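> Here it is, the structure in full.
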Amino acid sequence: MRAIFGEALTRLGSMNHEVVVLTGDVAKSTGVMGFAKAYPDRFFNIGISEQDIVGIASGLALSGKVPYVVLFAPFLMRAWEQVRSTVARASLNVKMVGTHAGLSASDEGSSHQALEDVAIMRALPNMTVLVPGDRREIAEATEAIAEVNGPVYMRLGRDENVSFLEGDRVFRIGRAVPLSDGHDIAVFSNGAITAEVIRAVEGAKISAKVVHVPSVKPIDRETVVAAARETGRVVCVEEHSVIGGLGSAVAELLSVEYPVPVRRLGVDDAFGESGTNRELLRKHGLLAECISAALAEIIGRGAS
Amino acid sequence: MRAALEVADQQYVTEVHMLRSKIKAIRRSVLEMSAAAESGLHIGASLSCVDIIATLYFMKMRHSPYRPDWKDRDRFILSKGHAAPALYAVLAEAGYFPKEELKTVRALNSRLQGHPDLRTPGVDAPSGSLGQGISIGIGMAIAAKQRGSKSRIYVLIGDGECDEGQIWESLATAANLKLDNLVLIVDRNGWQLDGRTEEIKRKVPLTGKIKSFGWEAYSVNGHDIEKILDVLDLCELAEGPVAIIAHTLKGKGVQFMEDTNEGHKMRLSNEQYMDALKELEEAY
């Protein structure tokens, strides 16, 4: 993911000369070295000082630049108050990219696993929150966020490299993408986990409408409500806490627009731990076979 | 040549004289706001830095109330955002918005929020949460350099604000980037919300600490506008970021609150307001 993002960022740098990249001693790990080498005068490694970095990005944005703040997602959260008080409050044109989100920092353990970032960023007025997962989608999103004026948080994992979207232009802010038709249940997911959801549904004998929702805020109200209406039952799957993420966003929307049972699959109000990425995803029920079992159980229960 | 210098000298004397009369009007505005705002405001912290802000806007900064978004303007960041009344009074005096609007400070739907906000004409950066102004100034200083602009960035912080870790992150960054278009002014009034700054968390030796981060640093009497001007001139010759430690009195000019925490946040009673106006008349 970070490699795809890094390449897209370098490409963007050649097209948009106002783009400036800021990082905090994680240039190599976040994939921005290509940009640093191509545009050394527009690249700033500020050191391990996330709060300062967000402030500097604010000043750049106030002067017409398009700063990309690229940090590990868990430590970008350290500067959440700066994001709230300055970036979001003044709706500044700062693009924040958090890599190593979810359980993708795996063996580093819970200190390095961001499972609350979508929740806290989503709570901020003016903020756009994106969780792309498909490789082409990540590349397109990296460029698309420079086109909108306002703060954006884009959440990325580490080494996931999946491709599940088709078509010419796969990403648009505020758009969800239906991936399959089905009438038993609607499954909303985002990030690379959508690839697991697709496998889960392919292997199971259920009729599921899978919808990929990379844009958590703004959310695609029409597509989400339509899917709920068609199926009458909803499951959300994400590599995030079940509190405050995509599942919450969908539940908040549907509770008003079309109330149906919503089940949220994710990390169930817990911190992570060390392990391989697959081990952790299995433990938290986020691998295809786990999702498949959960879906069967939910549908079975609904029928009985 | 000699005649030209004499003219310049005389012009300087005139300008300083005019600045003094502006400062008198601005101080009166701050007092009016302090009497008008129902829930009170941070009058002490405003009166300690009002001379500095006025000197910047009327003698030093290149800016225009007719073009608040002029790209090459100099910028001012009030990092100690609770002194917003001082900034608002200066901006109104400079013509960014009508002076009558000042009394709407802190009222619902007012453009003059409790702490600086971009909805106010002339405000260059939002603040209110302490410790963030230098970082924002660094971003602006970098952007100015990238544009090849001569724009200079002035950041005013409080001494109590130096408790924030981000202040020290940003001091290190600015020195590292050798930003010679960035000037920091510390309003060293010796007070913070809960008491004396040195009792809450020791700041001394503040000048030494800032210098040790790679900044040039000077001390000045923050109520002596000619001294402030001299040191601001000096800043333009620096090869990196410069800090000015401006020694000030919290509540300067209002006897009952001068160098106390009485006026941290309060509304002036009618009697206090009249007394303060009388003091102002006597002082100027």
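> Counting other beta carbons within 10 Å of each residue's own, what order do A:Ser106, B:Ser46 fall into, fewest first?
Neighbour counts put them in this order, fewest first: A:Ser106, B:Ser46.
> For chain B, what is the per residue volume of the convex hull drawn over the alpha-carbon atoms, in cubic angstrom? Present the calculation step by step, with values, prior to reporting the outcome.
Details: hull volume 36.8 nm³, N = 284.
Output value, Cα hull per residue: 129 Å³.
> Could I ask something else about it? For a Förster distance of 60 Å, can you work out the FRET efficiency between the beta-carbons of B:Arg28 and A:Asp168, rounded to the nearest 0.05?
For R0 = 60 Å, the calculated efficiency reads 0.40.
> Rounding to the nearest 10 and keeping the result within 0 to 90°, find how far the Cα-based axis of helix A:2-15 lies from the longest principal axis of chain A.
Relative to chain A, helix A:2-15 is tipped by roughly 50 degrees.
> Would you list, by chain and number, the lysines whose Cα falls below 16 Å from the Cα of B:Lys201, excluding same-chain residues fewer than 8 positions away?
Straight-distance partners of B:Lys201: B:Lys209.
> Quick check: pseudo-label points 7 Å beyond the Cα along Cα→Cβ at B:Lys145 and B:Phe256, how many nm apart are they?
The modelled label-to-label distance comes out at 5.0 nm.
> Full-extension gain between A:Asn126 and A:Glu273, please, as 0.36 nm times their residue separation minus the C-alpha to C-alpha distance.
In short, 49.6 nm is gained.
> Quick one: check the C-alpha center-to-center distance for segment A:86-140 versus segment A:177-235, whole angstrom.
Distance between centres, Cα-based: 21 Å.
> Would you mind checking the tilt of helix A:221-231 against the longest principal axis of the Cα atoms of chain A, expressed as 0 to 90 degrees and rounded to 10?
So the inclination is approximately 20 degrees.
> Can you give the mean number of other chain Cβ atoms that lie within 10 Å of the Cβ atoms in peptide B:167-174?
Counting other chains' Cβ atoms within 10 Å and averaging over B:167-174 gives 5.
> Something else about it: So in the protein assembly as shown, what percent of DSSP beta bridges are antiparallel if you round to the nearest 5?
Bridges in the protein assembly as shown that DSSP calls antiparallel: roughly 10 percent.
> Right, something else. Taking the Cβ of each residue in A:Ser255, B:Ser129 as the centre, tally the other Cβ atoms inside 10 Å and list the residues starting with the fewest.
Ranking A:Ser255, B:Ser129 by Cβ neighbours within 10 Å, fewest first, gives A:Ser255, B:Ser129.
> In whole Å, what are the Cα extents of segment A:177-303 along the three principal axes, biggest one first?
Reported extents, whole Å, longest axis first: 40, 32, 25.
> Using only the alpha-carbon atoms, how far is helix A:135-147 inclined from the longest principal axis of chain A? Give it as 0 to 90 degrees, nearest 10.
The answer is roughly 50 degrees.
> Ok, one more. Could you name the lysines whose alpha carbon sits less than 27 Å from that of A:Lys205, not counting residues in the same chain fewer than 8 places away?
Output for A:Lys205: A:Lys283.
> What number in nm² do you get for segment A:2-155 if you take the convex hull of its Cα atoms and divide its surface by four?
Details: hull surface 31.2 nm².
Hull-based average projected area comes out at 7.8 nm².
> A further question on this structure: Hey, with R₀ at 41 Å, roughly what FRET efficiency would A:Ala296 and A:Ser111 work out to, going by the Cβ-Cβ distance, to 0.05?
Numbers: r = 35 Å, r/R0 = 0.86.
Efficiency for this residue pair is about 0.70.
> Quick check: pseudo-label points 7 Å beyond the Cα along Cα→Cβ at A:Val148 and B:Glu6, how many nm apart are they?
Simple spin-label model gives 6.7 nm for this pair.
> Out of every Cα pair in chain A, what percent are spaced more than 23 Å from each other?
Beyond 23 Å sits 52 percent of the P(r) for chain A.
> Starting from one equal scatterer on each C-alpha and no solvent at all, send me the Debye-based log10 I(q)/I(0) for segment B:108-172 at q = 0.16, 0.26 Å⁻¹, two decimals.
After summing over all Cα pairs, the log10 values are -0.63, -1.13.
> For a footprinting-style exposure proxy, rank B:Arg119, B:Arg2 by other Cβ within 10 Å, fewest first.
If I rank by nearby Cβ atoms, fewest first, I get B:Arg2, B:Arg119.
> Any idea how far the Cα center of segment B:206-284 sits from the one of segment B:145-199, in Å?
First find each Cα centre; the distance between them is then 15 Å.
> Please give the charge dipole size of segment B:39-164, origin at the Cα centre, charges +1 on K and R Cβ atoms and -1 on D and E Cβ atoms. Round to the nearest 20 debye. Let's see the in-between values first.
On the way: 16 positive and 13 negative charges, 118 e Å.
Result for segment B:39-164 is approximately 560 debye, rounded to the nearest 20.
> Quick check of the Kirkwood formula: for the protein assembly as shown, what is the inverse mean of 1/r over all pairs of different Cα atoms, in Å?
26.0
> Still on this structure, please answer the following. With a cut-off of 8 Å between alpha carbons and a minimum separation of six or more residues, what is the relative contact order of chain A in percent? Mind showing how you got there, number by number?
On the way: 681 pairs, mean separation 49.8, N = 304.
Averaging sequence separation for qualifying contacts and normalising by length gives 16 percent for chain A.
> A further question follows. Would you calculate, for chain A, the mean residue ellipticity at 222 nm contributed by helices, counting each DSSP H stretch of 4 or more residues as -39,500 (n - 2.57) and dividing by all residues, to the nearest 500?
Helix contribution divided over all residues of chain A: -11000 deg cm²/dmol.
> State the answer as a single residue: which of B:His247, B:Leu277, B:Trp215 lies farthest towards the positive end of the charge dipole of segment B:214-284, with beta carbon charges of +1 for Lys and Arg and -1 for Asp and Glu, about the Cα centre.
So the residue furthest toward the plus end is B:Leu277.
Each value in this text was obtained by applying a stated rule to the coordinates, not by laboratory testing. Predicted model, so just to flag it, every value in this text is computed and none were measured. Ideal geometry is used to build each Cβ from the backbone, glycine not excepted, and the neighbour counts take in all protein chains shown.
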